[in-house]
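Structure first, commentary second.
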Amino acid sequence: MTSEAQTAPPAGTIGRLRTVVKGAIFRNAGLRGYILLSPTLLVLLGAMCLPVGILAVYSLWTQSGVEIDHTLTLANYLKIFNKPSYMLLIGKSVLISLTVTLATVLLAYPIAYFIAFKIKRHKIVWLILITIPFVTSYLLRVFAWKIILGYNGIINSGLKWLGVIDQPLTFLLHNPTAVVITLAHAWAPIAILPIFVSLEKMDRSLLEAATDLGDSPLQRFLRVTLPLSIPGVVAAAMLVFIPTVGDYITPQLVGGPDGMMVGSLMHAMFFRANDWPLGSALAIVSALAITVTSLGVWFLTKQARERAV
Amino acid sequence: MEKRSDFVSLRDVSKHFGTVRAVDGVSLDIAQGEFFALLGPSGCGKTTLLRILGGFEASNSGSVHIDGADLTIEPANQRPVNMVFQNYAIFPHMNVRQNIAYGLRKDGLSKAEISQRVDEAVATVKLEGLGDRGSHEISGGQRQRVALARALIKHPKVLLLDEPLSALDKNLREQMRVELRALQQKVGITFIFVTHDQEEALSMADRIAVMFEGEVRQVDTPARLYEAPASREVAAFIGSMNFFDASVVGAEGGKIIVDAGPLGKMSMAPPEEGAPVKGEAVTVGIRPEKLTLGEAPPSAGANAIKGKLTAASYLGERNHFFVTVDGMDEPISVASQNSSPMDHKGWSEGGEVWLTWEPAGARLLRA
Ligand SMILES: Nc1ncnc2c1ncn2[C@@H]1O[C@H](COP(=O)(O)OP(=O)(O)OP(=O)(O)O)[C@@H](O)[C@H]1O
Ligand SMILES: [Mg+2]
């Protein structure tokens, strides 16, 4: 009885409330987690949920002339799904981005591997050197590829000077391949980082254990190094895939008519056709396509990883 | 079949990292089926020597033979040797069974054979029922068993273990000493293990190589290392010992007469490496438990020295005393077993005491 009296809450409603809140915070790890996360959650709410919400609302309106009709309707979505050229463009954008992602990861993996395993000292210097191109303007890098691949570009004039060709090659620029090359180069530094981190933090004794148990270097790579770096590879792939689907600068500059992607169409809807609702719907459909594709890729890698064991 | 005494044979093996001579001219012979320990203080090159045996570190000079085959430049994945890593190196993306079966994949075995051998290995290390656990769903002791099973399943000629017990807590560590020893006896594989814990080495190994600064200073059985250390540093590293500076004053009937200052003159058995000459500075070493503490002066003729008791501590199963002697800077350390409940009573600090010892309890060491 006396002990109960000692732990009894302070009298009064305020006092009791304080005890309840204090107890809830002290006892409930989940609640504490949310409180600690609250700044992040607020930023996420303001910077992500709000804009996406606005976009979603816009996509349910319709444009009539210069006015926006505020009745909620799925008309824009029906328009997109019923227009094969839109769906094809979204599909092609996803396909080009997947190719870019594959090319980027294939390019980034050996570089990340080299820095993580072969460089013993000053790894940070190497990382900075490799990511420096990323600091330069995106536009500049796209133009650089235009200069390299162009009609009178470095490759063509070089080959002409060598006498290999007398007419400039026209298949270098203004096609999806040029888009893939340009985007892969532009995004490689971003892809290197997560792969590097996953390789760098790998416990080296695991590799020695694999060797100890009889693996050749290649077997060891396939059975230990690669499976353990998959989280980094998936992160890199997402970092590249998600933003490149909506890219419109590169397709515009080096893609030509065949290399056009959905970003260009959205850009046109918002700024040239002045049809924000349709542009918003396109953006939402693209985002859904990206999500579905990402989940698909993630699921497949998970399956492959389980099978590799 | 006769067991080879040079089953594992190292000849003049050296390895340096820059200017650090991690392993310096080590020659060792280890017998088949032996439980062999590499013991030494931190940084003496034990791990490096073990890694040279495993093929993870290339020696700069010297040769490594196992069962007669020259493995000096054989890559690690081709050696008939397996290793239990200090942190156990359990593959995190595989479950217990997959970890244990890892090394069998390429041996061209059928699924059924692999499964049977994994079952055997699981039973050998007593991991039954844990096969489907993920690598993060097992305790430290179980991780060690997985690492052992994963290595033993390959039937290596030699199993290398780097501080195999250091990642475990104290109780488990003492239990695993016994189990590891029993396991080794059961599988009959040559074990070479690294430790900096002398008690671990003494309790588990058939023979111990004591290393200092990249060199092997003494190779012997636990009892001989303790009772007959070859040098002052080995004696000090394994257990503790009181050292008395002395000089050789003569020889008599195969014994050496030394003058050990406050201890007086005594006649001692010469060290095995050869008798020191007259006038040479030597050390007399006596372990704390070889000294007996008494209040009355001993009978004439016994080895004895008078001192003052400066500290007495009761440690449960034994008592520990410090006795200062005129003419010596450091107090002499004395240990006595509490064989009767009254043993720890009656010693007053500051009182006059006598220390006595059997002649065989004192060791003559090179200075
Ligand atoms: N890869 C390396 N590069 C440079 N020096 C090294 C390397 N590995 C070991 N050394 C050095 O070689 C010496 C012996 O190291 P080793 O790891 O063999 O010691 P150890 O006896 O196992 O010590 P511990 O008990 O602390 O594990 C040490 O001085 C160490 O700093
Ligand atoms: Mg070590």
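Compute the acute angle (0 to 90°) between the alpha-carbon long axis of helix B:111-124 and the principal axis of greatest extent of the alpha-carbon atoms of chain B; round to the nearest 10°.
20
Using a 1.4 Å probe and counting only protein heavy atoms, arrange A:THR301, A:THR136 so the residue with the most accessible area comes first.
Working: A:THR301 45, A:THR136 65 Å².
Output order, biggest surface exposure first: A:THR136, A:THR301.
Share of the protein assembly as shown's accessible area from carbon and sulfur, percent, 1.4 Å?
Within the protein assembly as shown, the accessible surface is 62 percent carbon and sulfur.
Pop out the ³J(HN,Hα) list for the range A:134-140 in order, Karplus 6.51 cos²θ - 1.76 cosθ + 1.60 with θ = phi - 60°, rounded to Hz; leave Gly and Pro as x.
With coefficients 6.51, -1.76 and 1.60, one gets 5, 6, 5, 4, 4, 4, 4 Hz.
Using only the alpha carbons of the protein assembly as shown, what is the convex hull's orientation-averaged projected area in square nanometres? Before the final figure, lay out each step's value.
Numbers: hull surface 217.1 nm².
Projected over every direction and averaged, the Cα hull of the protein assembly as shown covers 54.3 nm².
Answer rounded, prolate or oblate for chain A, using the Cα gyration tensor with square roots of eigenvalues a ≥ b ≥ c: rounded when a/c is under 1.5, else prolate when a/b is larger than b/c, else oblate.
It comes out oblate by the Cα gyration axes.
Starting from the residue with the highest accessible area, list A:TYR34, B:TYR226, A:TYR248 in decreasing order, probe 1.4 Å.
Largest accessible area first, the residues go A:TYR34, A:TYR248, B:TYR226.
Residue by residue through B:95-104, how many Cβ atoms from other chains fall within 10 Å of the Cβ on average?
Details: counts 1, 0, 0, 1, 3, 0, 1, 9, 6, 2.
Across B:95-104, the average partner-chain Cβ count within 10 Å equals 2.
Based on DSSP H runs of at least 4 residues, each adding -39500 (n - 2.57), what is the mean residue ellipticity at 222 nm of chain B after dividing by all its residues, to the nearest 500 deg cm²/dmol?
Estimated from H runs of four or more residues: -6500 deg cm²/dmol.
Name the residues of the range A:178-209 whose accessible area, probed at 1.4 Å, falls by at least 30 Å² once all protein chains are in place instead of their chain on its own?
Listed by number, the residues meeting the 30 Å² cut-off are A:SER205, A:LEU206, A:GLU208, A:ALA209.
With +1 on each Lys and Arg Cβ and -1 on each Asp and Glu Cβ, and nothing else charged, work out how big the dipole of the range B:79-128 is about its Cα centre, in Debye to the nearest 20.
That gives the range B:79-128 a dipole magnitude of about 180 debye.
At a probe size of 1.4 Å, how large is the accessible area of A:TRP276, to the nearest 10 Å²?
100
Could you state how much accessible area A:THR170 has, in square angstrom rounded to the nearest 10, with a 1.4 Å probe and all protein chains kept in place?
The value for A:THR170 is about 100 Å².
Specify the angular offset, from 0 to 90 degrees and rounded to the nearest 10, of the alpha carbon long axis of helix B:170-187 from the longest principal axis of the alpha carbons in chain B.
Helix B:170-187 sits roughly 60 degrees off the main axis of chain B.
How much accessible surface area, in Å² rounded to 10, belongs to the heavy atoms of B:MET268 with a 1.4 Å probe?
Its heavy atoms expose roughly 10 Å² to the probe.
What angle do you read, to the nearest 10 degrees and between 0 and 90, between the alpha-carbon axis of helix A:276-308 and the longest principal axis of chain A?
Approximately 80 degrees, to the nearest 10.
List the accessible area buried at the contact between B and A, summed over both sides and calculated with a 1.4 Å probe, in Å² to the nearest 100. Intermediate values should be presented prior to the final figure.
Details: alone 17810 and 19150 Å², together 34950 Å².
The summed interface area works out to 2000 Å².
Tell me, what is the per residue accessible area of chain B in Å², probe radius 1.4 Å?
46
Once Lys and Arg get +1 and Asp and Glu get -1 on their Cβ, which of B:GLY254, A:PRO227, A:ALA144 lies farthest toward the positive end of the dipole of the protein assembly as shown?
A:ALA144
HN-Hα J couplings of the range B:192-204 from phi, Karplus 6.51/-1.76/1.60, θ = phi - 60°, integer Hz, Gly and Pro as x?
The phi angles translate into 10, 10, 9, 7, 10, 9, 5, 5, 4, 5, 4, 7, 9 Hz.
When the solvent-accessible surface of protein heavy atoms is calculated with a 1.4 angstrom probe, in what order do B:ASP206, B:ASP329 fall, highest first?
In descending accessible area the options line up as B:ASP329, B:ASP206.
Can you work out the Karplus-derived ³J(HN,Hα) for every residue in the range A:221-226? Use 6.51 cos²θ - 1.76 cosθ + 1.60 with θ = phi - 60°, whole Hz, and x for glycine or proline.
4, 6, 9, 10, 4, 5
At 222 nm, what value in deg cm²/dmol follows for chain A if DSSP H runs of at least 4 each add -39500 (n - 2.57) and the sum is divided by all its residues, to the nearest 500?
Values: 15 runs with 216 residues, N = 309.
Mean residue ellipticity, 222 nm, calculated: -22500 deg cm²/dmol.
Note down the relative contact order for the range B:8-233 as a percent, whole number, built from C-alpha pairs under 8 angstrom at least six residues apart.
Reported relative contact order: 29 percent.
When the dipole is taken about the Cα centre of the protein assembly as shown, and only Lys, Arg (+1) and Asp, Glu (-1) are charged at their Cβ, what size is it in debye, to the nearest 20? Let's see the in-between values first.
On the way: 63 positive and 60 negative charges, 504 e Å.
Rounded to the nearest 20 debye, it is 2420 debye.
The values are calculated or read from the model by the stated rules, or taken from the named source; none is laboratory data. No experiment lies behind these values; they were computed from the predicted model shown. Cβ: placed from backbone, ideal geometry, glycine included. Neighbour counts: every protein chain shown. Each accessible area value is taken on the protein alone, full model and side chains, heavy atoms only, with ligands, DNA and RNA left out. Shrake-Rupley method; radii C 1.70, N 1.55, O 1.52, S 1.80 Å.
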